């Protein structure tokens, strides 16, 4: 296993463990090329009353209801 794959597996496990108490859906992993990759993501988490929501964005994508995922 390469260093990149080891690092990716560790990050996936850590994020899964951090989100587990919130009943989040399974983490989706989109591997990068194993050389010259960037570790970057943009997301937002917020709540409205008893509703917890998060949104993730593609580069250049603006926040909208299409990028919103409500956790119930």
Notebook entry, point to check: Full extension from residue 44 to residue 16: what is 0.36 nm times the residue separation minus their Cα-Cα distance, to one decimal in nm?
Noted result: 8.4 nm
Next item on the list: Using label points projected 7 Å from each Cα along Cα→Cβ, tell me how many nm separate residue 35 and residue 56, to one decimal.
Entry: 2.7 nm
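Any read-out appearing in this document is the output of simple, stated calculations on the displayed coordinates, not a laboratory observation. Everything numeric in this text was worked out from a predicted model, so none of it was measured. When we count neighbours, we look across all protein chains shown, and the Cβ atoms used for this are built from the backbone with ideal geometry, even at glycine.
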